[in-house]
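The structure appears right after this line, and notes come after that.
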Amino acid sequence: MTFWREPLWPWLRVLILLAAAGGIVVCALWAAGQYDDVMDFRHASVCHGTAHHGCLLPAPGTVVDRRTSESCTTDSNGVEHCTTRYEVRVRRPDRTQWLGVDEGTYQDAHRGDPVDLRSWHGAVVRMTVDGHTETYSPPSSDSMAWRLSGAWLFLGLASWAGVSGRPSELIAFPNFGWLWLTVPFVMVVHGVLLGNVLELAWAGLLGTFGVAWMVFARRM
């Protein structure tokens, strides 16, 4: 138990600090690469002629099936809240794929209906069916978020190694607030880079909760 509450050996803390710093750099570089792809996507136009690089590739499709699923949670008062997910299965020229849609699209889309698709690097980013249009983020957007999350967690590890180095404080209850702050951190960077004001607003709310968690948990 003494080892658990005492700082690690200085040389080990230095190694952890260097490894965490390296992780931050690698994740940041990976995220930058994905950001470039996201920006290329945002400025891309529909492909014309034989040019299929750096543009949105149009393709026909057909609705072949549809389904719903439900996920439920129970709050502290015992009240159950359920969310319904709507999906349609679309046959593309090369394969079939399930795509999430809103309720209106689900109600109007039926088997055999034609679909107009736009894809970016093989991933569907837009679907139009029966007068409804659904848009989807490119895979690079999610990849950028995961890499930013990694950078934030490595930053937390580096801070712990540099300031404390005590194993007991690495997984202390207040530090779970740092894990929570991963979400608003990613949203802030994502929102600033892509100019998403709504995402910045949500990041502010979630970030306030995370900071309050860390402050009050340390005072307990």
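Points worth noting:
- Cα centroid separation - the range 204-220 against the range 146-172, whole Å: 17 Å
- Label zone (LEU194, point 7 Å along Cα-to-C-beta; backbone nitrogen cut-off 20 Å) within the range 106-130: 118-128.
- Counted by Cβ distance under 10 Å from GLU87, the other residues give a net charge of +3, where Lys and Arg count +1 and Asp and Glu count -1.
- From the coordinates shown, semi-axes √(5λ) of the Cα gyration tensor in Å corresponds to which of [x] 29, 20, 18; [y] 43, 24, 14; [z] 62, 38, 16: [y]
- Relative to the dominant Cα principal axis of the chain, helix 182-194 is inclined by about 50°.
- Per-residue ellipticity at 222 nm, computed for the chain from helices alone with -39500 (n - 2.57) per DSSP H run of at least four residues, works out to -16500 deg cm²/dmol.
- With respect to the chain, whose longest principal axis is taken over its alpha-carbon atoms, helix 139-163 is tilted by about 0°.
- For the chain, a crude dipole built from +1 on the beta carbon of Lys and Arg and -1 on the beta carbon of Asp and Glu, taken about the Cα centre, is about 680 debye to the nearest 20.
- Distant-in-sequence amide contacts of THR62, defined by a placed amide H-H separation under 5 Å and a gap of 5 or more residues or a different chain, comprise ARG91, VAL115.
- Amide H contacts of VAL125 (H built 1.01 Å from N, in plane; Pro and chain starts excluded): ARG118, SER119, TRP120 sit under 5 Å, all sequence-distant by 5 or more or on other chains.
- Given their separation in residues at 0.36 nm each and the Cα-Cα distance between them, ALA21 and ASP94 gain 22.0 nm when the chain is fully extended.
- The range 66-76 - phi-based ³J(HN,Hα) in whole Hz, Karplus 6.51/-1.76/1.60, Gly and Pro as x: 8, 7, 10, 9, 10, 10, 10, 10, 10, 7, 5
- Length added when fully stretched, ARG166-HIS81, from 0.36 nm per residue minus Cα-Cα: 26.5 nm
- The chain - percent relative contact order, Cα under 8 Å, separation 6 or more: 23 percent
- Taking the C-alpha atoms only, the angle from helix 10-42 to the longest principal axis of the chain is near 20 degrees.
- Stretchable slack from LEU29 to SER137, in nm (0.36 nm times residue separation minus alpha-carbon distance): 36.8 nm
- Taking Cα centre as origin and charging only the Cβ of basic (Lys, Arg, +1) and acidic (Asp, Glu, -1) residues, the dipole magnitude of the range 41-137 rounds to 540 debye.
- Within the chain, CYS27 have no other Cys Cβ under 4.7 Å of their Cβ and so lack a disulfide-compatible partner by this rule.
- Most mobile of HIS53, HIS110, HIS81 in a GNM of the chain (Cα contacts under 10 Å): HIS81
- Fluctuation leader among PHE185, PHE209, PHE154 - the chain, Gaussian network, Cα springs under 10 angstrom: PHE209
Laboratory data are not the source of any read-out in this text; all were calculated from the coordinates shown. Note that this is a predicted model, so its numbers are computed, not measured. No Cβ is skipped: glycine too gets one built from the backbone with ideal geometry, and neighbour counts run over all protein chains shown.
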